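Below is one structure, written out as structure tokens; the observations come after it.
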Amino acid sequence: MAFHKKNIFPGTERHIAQFAKVLSHPARITILKELAERKTCICGEIVEVLPLSQATVSQHLKELKQTGIIKGTVNGTKSCYCIDWKILDEYRSSLKIFLNTLQGCDDVVDCC
């Protein structure tokens, strides 16, 4: 049985890593920006915004949806997506706490 070493880390660290991973591709960042700027659900128009194939865009949407940052519904042949602001706020809060913790340790005088 395979054992994922990431499971030995606390949930907070895994949560932040999951958020960082989903943001690690410019296409997913562009998708989030587009959804946020339009302030509404987008149905099928995301492909027109990106210089990527429909299949590639679908894969990026799937990654965003798996983390919960976006939610979507299927209406016939169209899929509609929007940001789940509650989930995004949870990720944002976790990341902010983590970065503030790092910043609190920045008093190293002589390094590298």
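Being within 18 Å of Y91 (Cβ to Cβ) and surrounded by 11 or more Cβ atoms within 10 Å (Cβ to Cβ) is the requirement here; does G44 meet it? Judged against the criteria, G44 is not a match. Within segment 67-85, the set of residues being in a helix (DSSP H, G or I) and either in contact (Cβ under 8 Å) with a residue 12 or more places away in the chain or touching a Pro at 6+ places or on another chain (Cβ under 7 Å) (or both) comprises just one member, T67. All of (1) closer than 15 Å to I16 by Cβ; (2) free of Cβ contacts under 8 Å to residues at least 24 places away in the same chain hold for E48 with one exception: (1). Does S94 satisfy being in a loop (DSSP other than H, G, I, E, B) and within 14 Å of the chain's Cα centre (by Cα)? The answer is no for S94.
Return yes or no: is A36 among the hydrophobic types (A, V, I, L, M, F, W, C), farther than 25 Å from H15 by Cα and loosely packed, with under 14 Cβ neighbours inside 10 Å? No. The set of residues in segment 51-66 being free of Cβ contacts under 8 Å to residues at least 40 places away in the same chain and charged (D, E, K, R) consists of K62, K65. Among the residues here, T56 does not qualify as under 12 Å from the mean Cα position of the chain (by Cα) and among the polar types (S, T, N, Q). For I31, the conditions (1) among the aliphatic types (A, V, I, L, M); (2) closer than 24 Å to G11 by Cα; (3) under 14 Å from the mean Cα position of the chain (by Cα) are fulfilled apart from (2). Taken over segment 1-33, the residue count meeting the criterion of being within 22 Å of S93 (Cβ to Cβ), among the basic types (K, R) and surrounded by fewer than 15 Cβ atoms within 10 Å (Cβ to Cβ) is 4.
For segment 36-65, a residue qualifies if it is assigned to a helix (DSSP H, G or I) and either touching a helix residue (DSSP H, G or I) at 6+ places or on another chain (Cβ under 8 Å) or modelled with pLDDT of 95 or more (or both), and the qualifying residues are I46, V47, V49, Q54, T56, V57, H60, L61, E63, L64.
The values are calculated or read from the model by the stated rules, or taken from the named source; none is laboratory data. Nothing here was measured: the structure is a model prediction, and the numbers come from that model. Cβ sites come from the backbone with ideal geometry, for glycine too, and all protein chains shown count toward neighbours.
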